[in-house]
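Contents: one structure, followed by commentary.
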């Protein structure tokens, strides 16, 4: 790849403050390479829209992770994995994955110093592994670039340029936290030092970053599943023993339905009565357990997950004879994230292939032989949430990146050329460790035959065949938390883990320069080749694979493929210095890719720039793009997941309640699915009927994310057309307006359960119906969802960027910049015969997103005021019949078959900071984000795992301070 030296902060100023740069450009300009092209050039205003963010601008945001910084851009969509996704079982959980144009993180290419960064087996790049303190600037290319960079560059490219050299050192310390509860404590420490001269230089850096946890229970509004507005909605199964009889045919629950009497309520506090006495149980109403018998799971769940990142970075450059240079970079990062969710909702069929019942010979069975009398006992089907041991998953992720590039410059016929050869190694590996699940083998023994021995101790086994106390501990599971003992919990609980990783090795060779001079300028050319090997793995522990744990069972994922690529690019100046044609040029590029796992692909691009005058430039591109199937897409082993879904066949809250066509498909069955009863109701984990239009979590695991070896690449067409205006009569002002249109075909989709059920019952697509299984009662017992090439995506909109550096006044220098994105369309099509569905204006596809930043400086003082705006969106109603969070009964949301929506008003956040430079080469900045304390709002579609609030939006006023010291 091209070496990206000689690119100073002037690049950012040139791209975003063109007029100001022109005034100061007395020195000769050097030819540089800008993201989106391999050809070095002097003119930094390219045919492709590029946004640049400098280290100074990064620090003024008050944010410490790259993922958070990019997520605040107007062109960014909601992140692939929410900070509040504590129930998410993917290995990516806890990382940060940028999403440009709402097209998904898998369709965004991330480069570091122009080189591909690590990806997970799902094709996602964790931005949190890149320390923000080591960044010189970020270049965000908002255009397709597969012809230059290959796969994944459909939505655009994020190129993170690390600091290239230093003379001396810098220490930076940061601390911040939320105001009301003093949580969400973020800390950042970095130390970097460099030395050298024009012959050789060396730089290293260390950094430590922490993002603190935010617990749902610490704020009244977030301390309930459906927020404090609906405190009794969305409760989970309770911690007190619930018992039923066992169906002799199916092994399921039947007969009586009773719960242990206890003190306390849904907070899980209190004491249970003697669980061996049948009289100490009360009947469960037909509508399901009363609130006091359930549990508010939110109280044990983290709202925003914490993480820690430690990084060491080094970079060296050595000038060699014959005008050549050797540049090497190495970085190692270790990230640890922790997710916490409520204790496991255990029942006798948590793993249907290995059911566990309370044995009729158990000492603690209230209907067993030791209570009812010999020969009169019966096994019991049970339900019980183990709130004594919340489920905690620690995810440790390690990233290693090493690259070396040998490059040089030469002249051919007095024209400049440059070459480079390089090697790039990026590897991510990690492991997860989970606690809070149960060992079903031990559980079966703990709930199996037991008796009270002569010493008065309850012991596993029978008097005639006792099991040693050291080998088994009986458990009074029905007695609730007050009856559990540490010994029993230690015996039945399990620890499980996964190991995972991926590796990219690539070798590159590039050549670029000027072929010859045309009347309008030099004909620039670039060409290169690349060989890349990609492999990945995701390996569950042996116990997780066995299915003898309540942990989600999974199969191993392991895959590998190779890529051979070649590209060529031409920059053709056509006209120059003519009336109404200050300049006109075209850029052409093409790239051939040969993949070992599916075949070849060819992607090309054509773009132009046209300046009628020096003040105005028109630009446009037409580009082909593609995304190759990832290791996980093709080779994924699949795993279990407790999905959340809303059954369309529910006759009160599902679409069947309002659409006779859907009701008919449900009752009669479609695509081989068993039909549902006439008045079918979806059940919660507690066995109660659902009470709102929101998704609820299944009580049995579904099988998800199985790979598909027959997947083909996604293809895309990107079109952009824009204008850049730098009026010479308004010094310091620049404006850019760019229209974009992106169409993705043959998209690779990891479909959700709601998506599968909706396509089956709402759209009547029987291919999806074949993935659904229902039991005799009508309940969905499995949705086999994985990856497939399904349908299309198309999105269209406009970006507007304004910059103005006001004249210097006695009261200071003011710079104003804004970036705004208008989303005109975001439509999806599930297959060739389905209808397009436009989600623009629905959550989280805001029509308008805008950032306005005003910088002021006077002497040693500086200040920044940032304003972030998100337009209103429609959301799913919590309950249409009850009109809960449902303010537009006549509005039909995209993809819905009946009316009913909840419109969420627009949001505006204000971020303010003040800085001061000291005489001893230090500076301090104090700031507050969400300065006017905009409170969190209720949302269904954007809900965190713990509560119906978006964890990726501010929840509180956030204060921070940063101190930098140069030495």
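The values are calculated or read from the model by the stated rules, or taken from the named source; none is laboratory data. None of the values given here were measured: they were computed from a predicted structure. Note: ideal-geometry Cβ built from the backbone for every residue, glycine included; neighbour counts use all protein chains shown.
Yes/no matrix, rows are residues, columns are (1) assigned to a loop (DSSP other than H, G, I, E, B); (2) in contact (Cβ under 8 Å) with a residue 12 or more places away in the chain; (3) under 33 Å from the mean Cα position of the chain (by Cα); (4) closer than 22 Å to residue 56 by Cβ:
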{"position": "161", "(1), (2), (3), (4)": "no, yes, yes, yes"}
{"position": "164", "(1), (2), (3), (4)": "yes, yes, yes, yes"}
{"position": "174", "(1), (2), (3), (4)": "no, yes, yes, yes"}
{"position": "192", "(1), (2), (3), (4)": "no, yes, yes, yes"}
{"position": "195", "(1), (2), (3), (4)": "no, yes, no, no"}
{"position": "201", "(1), (2), (3), (4)": "no, yes, no, no"}
{"position": "205", "(1), (2), (3), (4)": "no, yes, yes, yes"}
{"position": "209", "(1), (2), (3), (4)": "no, yes, yes, yes"}
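Of all the listed residues (336, 353), the sole one being surrounded by fewer than 23 Cβ atoms within 10 Å (Cβ to Cβ) and part of a loop (DSSP other than H, G, I, E, B) is 353. Annotation: residue 612 fulfils all but one of (1) part of a strand (DSSP E or B); (2) surrounded by 21 or more Cβ atoms within 10 Å (Cβ to Cβ); (3) modelled with pLDDT of 95 or more; the unmet one is (2).
Of the residues making up the stretch 926-951, those that are surrounded by fewer than 22 Cβ atoms within 10 Å (Cβ to Cβ) and outside any loop (DSSP other than H, G, I, E, B) are 926, 928. So, residue 184, is that one in the same structural domain as residue 284 (by TED's automatic domain parsing) and outside any strand (DSSP E or B) or not? Taking the combined requirement at face value, the residue does not satisfy it. Put simply, of 297, 329 the only residue that is under 39 Å from the mean Cα position of the chain (by Cα), surrounded by 18 or more Cβ atoms within 10 Å (Cβ to Cβ) and closer than 29 Å to residue 427 by Cβ is 329. Picking from 242, 219, 276, which residue would you name as being touching a residue at least 60 places away in the same chain (Cβ under 8 Å) and outside the structural domain of residue 489 (by TED's automatic domain parsing)? Answer to the selection: 219. Quick check: is even one residue across the stretch 139-155 modelled with pLDDT of 85 or more, assigned to a strand (DSSP E or B) and surrounded by fewer than 24 Cβ atoms within 10 Å (Cβ to Cβ)? Checked the stretch 139-155: at least one residue is modelled with pLDDT of 85 or more, assigned to a strand (DSSP E or B) and surrounded by fewer than 24 Cβ atoms within 10 Å (Cβ to Cβ). Of the residues examined, residue 247 is not one that is under 15 Å from residue 480 (Cβ atoms) and over 41 Å from the mean Cα position of the chain (by Cα). Within 24 Å of the chain's Cα centre (by Cα) and loosely packed, with under 15 Cβ neighbours inside 10 Å: is that true of residue 906 in this structure? Yes. For residue 124, indicate whether it is in contact with a helix residue (DSSP H, G or I) (Cβ under 6 Å, 6 or more places away or on another chain), surrounded by fewer than 24 Cβ atoms within 10 Å (Cβ to Cβ) and modelled with pLDDT under 90. No: the conditions fail for residue 124. If you go through the stretch 79-102 and keep only what is under 13 Å from residue 158 (Cβ atoms) and in contact with a strand residue (DSSP E or B) (Cβ under 7 Å, 6 or more places away or on another chain), you end up with 96, 98, 99, 100, 101.
Residues checked against (1) farther than 30 Å from residue 695 by Cβ; (2) at pLDDT 95 or above:
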| residue | (1), (2) |
| --- | --- |
| 163 | yes, no |
| 175 | yes, yes |
| 211 | no, no |
| 215 | no, yes |
| 236 | no, no |
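Just one of the listed residues (348, 307, 275) is within 30 Å of residue 689 (Cβ to Cβ), within 35 Å of the chain's Cα centre (by Cα) and buried (at least 16 other Cβ atoms within 10 Å of the Cβ), and it is 348.
For (1) assigned by TED's automatic domain parsing to the domain that holds residue 711; (2) within 19 Å of residue 695 (Cβ to Cβ); (3) out of contact with any helix residue (DSSP H, G or I) (no Cβ under 9 Å at 6 or more places or on another chain), each residue gets a yes or a no:
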| residue | (1), (2), (3) |
| --- | --- |
| 780 | yes, yes, no |
| 787 | yes, no, no |
| 794 | yes, no, yes |
| 803 | yes, no, no |
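The single condition from (1) buried (at least 19 other Cβ atoms within 10 Å of the Cβ); (2) part of a strand (DSSP E or B) that residue 741 fails is (1).
Taken as a whole, the stretch 69-91 holds at least one residue that is outside any loop (DSSP other than H, G, I, E, B), crowded, with 24+ Cβ neighbours inside 10 Å and not assigned by TED's automatic domain parsing to the domain that holds residue 794.
Restricted to the stretch 641-683, and to residues there that are closer than 16 Å to residue 754 by Cβ and out of contact with any helix residue (DSSP H, G or I) (no Cβ under 9 Å at 6 or more places or on another chain), the residue that is surrounded by the most Cβ atoms within 10 Å (Cβ to Cβ) is 653. Can you spot a residue in the stretch 510-522 that is free of Cβ contacts under 8 Å to residues at least 60 places away in the same chain and either surrounded by fewer than 21 Cβ atoms within 10 Å (Cβ to Cβ) or out of contact with any strand residue (DSSP E or B) (no Cβ under 7 Å at 6 or more places or on another chain) (or both)? Yes, some residue in the stretch 510-522 is free of Cβ contacts under 8 Å to residues at least 60 places away in the same chain and either surrounded by fewer than 21 Cβ atoms within 10 Å (Cβ to Cβ) or out of contact with any strand residue (DSSP E or B) (no Cβ under 7 Å at 6 or more places or on another chain) (or both).
Inspection of the stretch 803-822 finds a residue satisfying the criterion of being surrounded by fewer than 16 Cβ atoms within 10 Å (Cβ to Cβ), in contact (Cβ under 8 Å) with a residue 40 or more places away in the chain and assigned to a strand (DSSP E or B). Take the stretch 455-475 and flag every residue that is over 22 Å from residue 242 (Cβ atoms) and outside any loop (DSSP other than H, G, I, E, B). Once the filter is applied, which keeps residues that are over 22 Å from residue 242 (Cβ atoms) and outside any loop (DSSP other than H, G, I, E, B), the stretch 455-475 yields 459, 460, 461, 462, 465, 466.
Of the residues making up the stretch 52-63, none is within 19 Å of residue 156 (Cβ to Cβ), at pLDDT below 85 and surrounded by fewer than 24 Cβ atoms within 10 Å (Cβ to Cβ). Modelled with pLDDT under 85 and in a strand (DSSP E or B) - does that describe any residue in the stretch 641-658? The answer is yes, given that some residue of the stretch 641-658 is modelled with pLDDT under 85 and in a strand (DSSP E or B). Going through (1) on the phi < 0 side of the Ramachandran plot; (2) in a loop (DSSP other than H, G, I, E, B); (3) under 35 Å from the mean Cα position of the chain (by Cα); (4) surrounded by 22 or more Cβ atoms within 10 Å (Cβ to Cβ) one by one, residue 267 falls short only on (4). Do we find a residue being over 29 Å from residue 938 (Cα atoms), out of contact with any helix residue (DSSP H, G or I) (no Cβ under 6 Å at 6 or more places or on another chain) and assigned by TED's automatic domain parsing to the domain that holds residue 735 anywhere in the stretch 863-876? Yes, the conditions are met somewhere in the stretch 863-876.
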